[in-house]
Each structure stands twice: as structure tokens, then as C-alpha cells.
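Chemist: Got a structure here, written out as C-alpha cells. Questions coming.
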Amino acid sequence: MTISLRQAAGELLVVGLGGTELTGLERAWLKLVRPGGVILFKRNIVDAAQTRALLDEATGVCAPRCVRCVDVEGGTVNRLRDALAPLPSAQAVGAAMRDLHKPTLAREFGELIARAVKVFGFNTTLAPVVDLALPEAAEVLGSRPPGANAQDVIAFARAFFAGLAAQGVVGCGKHFPGLGGATGDTHFVTPEIARTWQQIWNEDLVPYRELHAEMPMVMMNHAAYPATPGGNRPASASDFWITKVLRKRIGYRGIILSDDLEMGGILKFLPVEEAAIAAVRAGSDLLEICHSAELILRSYEALVAEAERSAVFRKLLLERARSTARMRARLYAKPAPRALTAKQLDALRAQILKFRDRVAASEAAAIDPRAAAPAEIS
């Protein structure tokens, strides 16, 4: 497959949009960049018909078989809450699985989320969170992790991924190598997580070690782990974490996605141009840039310029674009399903609300994050 440097750089980007319709400026830069995917947020979503139309127009000029993704984890992170229905948190569902001895709840949860995102035209939900619900991060992660120990997280995530797969939707394990020990929010700062390599390998990484073959996608976080060989470098820009640990030691073969490169956790460490280049060098396949057209274009041009300057990076960029295109073609081979009728949409909403009621007691006890970052509310 012949591919230009500009095409390769664009295909490694997953980009955000400003509103509920494309602007003339967005149409122009989308045609220039031709990204590998689009991510939408609450600010972009009114209803299913409008969202499908927005996605269809935006992805019409993207790379073939592109990612159409959204964050629908349940609980506090649910971009479809207002347009469809609130969902229980992963923590509440995990607790209900254990309290009610119903291990199938997480699969049912995954299937409901998959059906919901498909209605709106998405092929990927950036879920589940497989961080451990440790005390240190309780106020940062809130009700997002499904359990406090690896085995509880694995039980939830395995069933959740199976539910997504049954509906033909791609999921994403996050946030590698684990935010369970984070006391700061990566939207604003680069947390320095004090856990040792032994703790991380034997606890935080166990869900990835057990489930890596069932995870179509893994998201890298922007935290640093100074007590490990990764040092003070954010994991999203770290060859140690991405290539040496995730790819080689764990043996992961799916798509590796950076968390949003607009977040403070990475931008306080590197300018966005350097962050994009570092993430590709470290081993990432796709780079999220969720809001700013300026930062999207700066990252795109930086990747092209570095490939023109360095023969080594040029080879890396072209090979990464080709391999990522092959993975996207495999994951997104089927066309988007047809839209639901109003009656079918109402029936799905009723099913979601009924499911939420079944786990409401557990959800009431969950902790909400102490701060809602723009990326989590817009």
C-alpha cells in the first residue's frame, strides 16, 4: 500500500469537533488532515439523527474504516446521558455483580452500552476503565473503576468486553498502566504515582496481562511512575511503558491510543508538537486531540516535518500508519447499522432505565470525582 507522509500523519490522529454541525473551517482542515478517527462529546450530541449526520459528514473525508468513538463508561462519564438515558457506573455494576451474585450483569451492561452507541452512529466506546479503585485515587476516579482488586476488575471487564463484541462495538481498556495510585487528575497535572514496579506488575497490570487478547484497544495515560524504570516521563510518551511493557512483555497486539494530548498531564511536560512525535516514537498507534483545531494542525504538521527531517522517523511513521490501517480494517469491516425507529429508541431507553434501577442501590454509594474536567463534561 502506497501512502504519503501527510496521509500517514493524518491517519494517526483521532480528532474532536467544536459543535453539533461542521463549520466551514472544520470541513477545510478535515479534508487536509484526513484523520484516522473522530471523537465526539456531549457538546456535539443533540439526538441520534443529528449525531449520525455529523459523524457521516466528518468521517466522509477521514481515512477508510475510521474510528468513530465516544466515552460511554456509565455513571459520571456518559456523553449520551442527556440524549438517551443515564447509566449506572461501572463501580455500581461491579458491586451489584458481587452483592447479588449475578456475574452476567457486566455483559448485559456492555451490550446495552454497545446498542446505545450504535444508535448514534459510533463504532467504538472508550470503555471500560480497568484501573484499580484504590483509596489514593478515590476522589480522582470516583465511581469509574469497577473494583478495588484485579480479580474483580477482570471479572467485570471480561464480561463487559464480551457484551460489546456481541453487538459489534469496539471497546478500549484504560488507563494503562493504571491510575489507581493517582492523587492528581491528568486533565490538569502529571501525577507522580509512587507505586513500585512490583506493585504495578502484580496488581495494576494484571487486568491487561489477563485480558490483552480481548482488548481491541488500550489507552495510555499521562501519569509518571518515578519508582519504576519509566521514571518521570508520562506513560503516553514512554517507550518503556508502551513498547517494552505493553507490546513486548505483555504481548499486546491491538491498537494503542494516547489519551487526549490537550490534557495538562502531557502539555505540562511537552509542547503538543513534541508530545505527538514522542507518542509515535514510544509506540502509540493513534493520538487523541479532542478540542482545538490549532493543536490538531500543529501536531499534524509536526509529524510531517519530523518525517521529512528524519529518515528513521519517516520509516516509523509510514509503517505505523500501515499497521494501524490494517487493524482498523479488521475491527471496522462491517458498515454502520441502520438507524432505529422512534419506537425502537424508546424501547432501548426503557431497557437502560430498567437496568439502572436494578443496580441503583449500589450506585447510590459510589463516589463522584472531586473535579469535573472540561473533557469529561463537554
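Rule-based calculations on the coordinates, nothing more; no lab input. Treat the numbers as computed from the prediction; the structure is a model and nothing was measured. Here Cβ is always computed from backbone atoms with ideal geometry, including for glycine, and neighbour counts include all displayed protein chains.
Chemist: Using per-residue counts of other Cβ atoms within 10 Å, averaged over each peptide, order 175-187, 318-330 from highest down. Write out the running numbers ahead of the final one.
Modeler: Values: 175-187: 24.5, 318-330: 17.2.
Highest mean packing first, the order is 175-187, 318-330.
Chemist: Could you state the principal axis extents of the C-alpha atoms in the stretch 158-250, from the largest down, to the nearest angstrom?
Modeler: Extents along the principal axes: 40, 29, 20 Å.
Chemist: Ok, one more. Using a 10 Å cut-off on Cβ atoms, rank the peptides 209-221, 108-120 from the highest mean neighbour count down. Walk me through the intermediate numbers first.
Modeler: Numbers: 209-221: 20.0, 108-120: 24.4.
Those peptides, ordered most packed to least, come out 108-120, 209-221.
Chemist: At a 10 Å Cβ-Cβ cut-off, how would you order TRP29, TRP197, fewest neighbours first?
Modeler: Details: TRP29 18, TRP197 15.
The order, fewest Cβ neighbours first, is TRP197, TRP29.
Chemist: Between ALA339 and GLU21, how high is the FRET efficiency from 1/(1 + (r/R0)^6) when r is the Cβ-Cβ distance and R₀ = 22 Å? Nearest 0.05. Could the numbers behind the result be given before it?
Modeler: On the way: r = 18 Å, r/R0 = 0.82.
The formula returns an efficiency of 0.75 here.
Chemist: Among (i) 16.4; (ii) 22.2; (iii) 17.6, which is the computed mean projected area of the Cα convex hull in nm²?
Modeler: This structure yields the entry labelled (i).
Chemist: Calculated from DSSP H runs of 4 or more alone, at -39500 (n - 2.57) each and per residue, what is the 222 nm mean residue ellipticity of the chain, nearest 500?
Modeler: Details: 15 runs with 160 residues, N = 378.
So the helix-based figure for the chain works out to -12500 deg cm²/dmol.
Chemist: Follow-up. Which helices, counted as full DSSP H runs in the chain, have an axial Cα extent of no less than 20 Å and a Kyte-Doolittle average of -1.0 or above?
Modeler: Values: long enough: 105-119 (21 Å, 0.56); 150-166 (24 Å, 1.27); 293-309 (24 Å, 0.13); 311-331 (30 Å, -0.22); 342-358 (24 Å, -0.66).
Those that clear 20 Å and a mean of -1.0 are 105-119, 150-166, 293-309, 311-331, 342-358.
Chemist: Can I ask one more? Could you give the C-alpha radius of gyration of the stretch 1-129 expressed as a fraction of 2.2 N^0.38 Å, taking N as the number of residues it contains? Could the numbers behind the result be given before it?
Modeler: Values: Rg = 16.8 Å, N = 129, 2.2 N^0.38 = 13.9 Å.
The value comes to 1.20.
Chemist: Right, another one. Restricting to Cα atoms and excluding each atom paired with itself, what does the Kirkwood estimate give for the stretch 239-328 in Å? Don't jump to the answer; show the numbers that get you there.
Modeler: On the way: mean 1/r = 0.0740 Å⁻¹.
In the stretch 239-328 this quantity evaluates to 13.5 Å.
Chemist: Ok, one more. Alpha carbon centre of the stretch 47-67 versus the stretch 254-284: separation in Å?
Modeler: 25 Å
Chemist: Would you work out if the stretch 189-233 is rounded, prolate or oblate? Take a ≥ b ≥ c from the square roots of the eigenvalues of the alpha-carbon gyration tensor; rounded if a/c is under 1.5, else prolate when a/b is larger than b/c, oblate otherwise.
Modeler: On the way: a/c = 2.96, a/b = 1.54, b/c = 1.93.
It is oblate, given that a/c is not under 1.5 and a/b is not larger than b/c.
Chemist: Calculate the radius of gyration of the Cα atoms of the stretch 63-202 to one decimal place, then report Dmax, the largest Cα-Cα distance, as a whole number, both in Å.
Modeler: In order Rg, Dmax, the Cα atoms of the stretch 63-202 give 15.0, 45 Å.
Chemist: Sorted by average packing, counted as other Cβ atoms within 10 angstrom per residue and highest first, what order do 144-152, 308-316, 345-353, 333-341 take?
Modeler: Details: 144-152: 21.1, 308-316: 13.0, 345-353: 15.0, 333-341: 11.3.
Descending packing order for the listed peptides: 144-152, 345-353, 308-316, 333-341.
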